[in-house]
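The values are calculated or read from the model by the stated rules, or taken from the named source; none is laboratory data. All values reported here derive from a predicted model rather than from experimental measurement. The protein model used for the area step is the full one, side chains on, heavy atoms only, and it has no ligands, DNA or RNA in it. Shrake-Rupley method; radii C 1.70, N 1.55, O 1.52, S 1.80 Å.
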Amino acid sequence: MTKLLLSVHVLAAILAIGPIAVAASMFPRYRRTPAEDGEGLQMARVLHRICRGYTVVGIAVPVFGVATGARLGVLTDAWLLVSIVLTAAAAALLGLAILPGQQRLLDSPQKSGAARLAMVTGVFNLLWAVVVVLMIVRPGSTTGA
């Protein structure tokens with residue numbers, strides 16, 4: 001059962017968080033791009049829809065992660081607690097800054113704020129990179145990694 005939970009957790013992370021990271025990173029560029037026919041705005045709308053849709057699916061990542069941690073008996077390990085805090089911070093950035101920031105840029109005829117959104121998205125991606133490293137290295141692991 002543990003292998004199944006871990007497999008679903010990793011697959012959910014790859015298939016949900018990956019597209020959010022890519023689409024959110026691309027969004028500011030397309031919102032800043034002047035396009036005569038509105039192509040940049042249209043692409044920004046698609047990228048925002050991708051971010052919103054995959055956010056719902058992305059909820060599976062921490063759910064299956066906590067279930068896996070419980071089965072492995074590592075819920076109180078420092079590396080996992082730090083990962084949980086960083087995941088919560090990334091989720092907060094996504095829900096409170098990135099998605100609303102994208103919506104504001106789509107609703108506004110001015111394109112100001114795209115640089116700030118790009119920075120926040122970079123922090124979001126950095127948080128996930130640290131979580132991935134913690135999941136691989138697992139300080140104090142007995143697996144020898």
Checklist outcome for this item: Length gained, V133-V56, 0.36 nm per residue minus C-alpha separation, equals 25.3 nm
Next on the checklist: Compute the helix-to-body angle for 78-93: its Cα long axis versus the longest principal axis of the chain, expressed 0 to 90° and rounded to tens.
Outcome noted: 20
Next on the checklist: Computing the accessible area with a 1.4 Å probe over protein heavy atoms, can you report the carbon and sulfur percentage for the chain?
Outcome noted: 70
Checklist outcome for this item: Expected max-MSF residue from A24, A89, A78 in the GNM of the chain (alpha carbon, under 10 Å) is A78
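Relative contact order for segment 1-138: what is it in percent, counting Cα pairs under 8 Å that are at least 6 residues apart?
Across segment 1-138, relative contact order equals 31 percent.
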Checklist entry - Which value, in Å², gives the accessible area per residue of the chain when a 1.4 Å probe is used on the protein heavy atoms? => result 58
Next on the checklist: If DNA, RNA and ligands are ignored and the probe is 1.4 Å, what is the ranking of S112, S83 by accessible area, most exposed first?
Outcome noted: S112, S83
Checklist outcome for this item: SASA check, L11, accessible area w/ 1.4 Å probe, all protein chains in place, rounded to nearest 10 Å², comes out at 100
Next on the checklist: If you fit an axis through the alpha-carbon atoms of helix 2-12 and take the longest principal axis of the Cα set of the chain, what angle between them do you get, 0 to 90°, nearest 10?
Outcome noted: 10
